[in-house]
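Comments concern the structure below.
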Amino acid sequence: MSSLPVGPAMFSVLSYTADFSSARVVHHYDPVVLLHHSAPSFSAAASSYNYTSVSSVTDVPQCILPTPQPVGGNLLAMIAATMEKMNADHGLPALQVVKFDGSPENYLMFRERFRQMVESKALDEPTKMARLLQFLDGPALLAVQTYESVPGGLAKALQVLQDHFGQPFKIVRACVDTLVKGPVIAPQDKKGLQRYADRAQVMYDTLEATNCLGKMNTDNLEKMILRLPKWAQAKFREHLKKLEHEGRIMPTFKDVVNFLNNRANVANHPFFSSSSTETKPPDSKRPHAND
């Protein structure tokens, strides 16, 4: 019969460390020292477990990741809008500038276009002056191109353009002449009628901006109508009768412009082809089948 060994015995007993903060169980071994006891005592000691409750995980190395912070919706919207604008600008072709050649009737349009596209931008004066020259052509360009190298040349150039081409009486006279002077529109020239109607609308807006609509008096309105083909003049007579029934004695510039726009829209209706409105005289010399 064998006897127990002399001296204390060392055993490693599996121990569980429960970490309830992160729902983990850590396995490790704790040494257990056995004294000289009988076999039953030894079995009871060896079969015991060491349960250690740990409130922290300082004894176990861990890698703690930073919690991602939410990004504000406004910031994301700003980034998206900026990227969209960059992509849109990248895909646009170079801007084609409508040049001002010195015609007084076009001065106000040129001046407003230059103000919006150049003057209102954060550009230095030399750049704005260079842009101004790109907006000009003909007599207008010749009048101010030498101001590019002059200090304060931009303001001086703009003043010269106003003095030469932007005086109100010059604008009014040019608008009236544009409408009352010129050849008579051909009977089948519906594109020419559309251009004349568009021009009349622009001149009306220009004179309205300068408070000079009264310059288009009855004589000038009559000259405008006389530039129309005969069939359009007959239609305007019918329009005059309609105005009389409404209690109006004389037409205004606005009445004439509205009439031109209406007749141009009818003549250029897309339902009809370009050849369907043309009337060709019959060929009397064509031989008949019975001849």
Checking region 146-202 for trypsin sites (Lys or Arg not before Pro) in a loop per DSSP with at most 10 other beta-carbon atoms within 10 Å yields Lys181
With N residues in region 106-153, Rg(alpha-carbon) / (2.2 N^0.38 Å) equals 1.11
Scoring only Lys, Arg, Asp and Glu (+1, +1, -1, -1) among other residues with Cβ under 12 Å from the Cβ of Leu240 yields 0
From the cross-link list Lys121/Lys215; Lys170/Lys230; Lys99/Lys170; Lys156/Lys191, the entries with a Cα-Cα span beyond 29 Å are Lys121/Lys215; Lys170/Lys230; Lys156/Lys191
Taking placed amide H atoms and a strict 5 Å upper bound, the residues 5 or more places from Leu136 or on another chain that come that close are Phe100
In order over region 240-248: 3J(HN,Hα) from phi, Karplus 6.51/-1.76/1.60, θ = phi - 60°, whole Hz, x for each Gly or Pro, gives 5, 5, 5, 5, 5, 5, 7, x, 10
Exposure proxy check on Ile249, Ile171, Ile185: fewest-to-most Cβ neighbours within 10 Å is Ile249, Ile185, Ile171
The local net charge around Glu148, scoring Lys/Arg +1 and Asp/Glu -1 for residues other than Glu148 whose Cβ lies under 13 Å from its Cβ, equals +2
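Quick note: the coordinates plus some simple rules give every number you see, no bench work behind them. Bear in mind that the values here come from a model prediction, so they are computed numbers and not experimental data. No Cβ is skipped: glycine too gets one built from the backbone with ideal geometry, and neighbour counts run over all protein chains shown.
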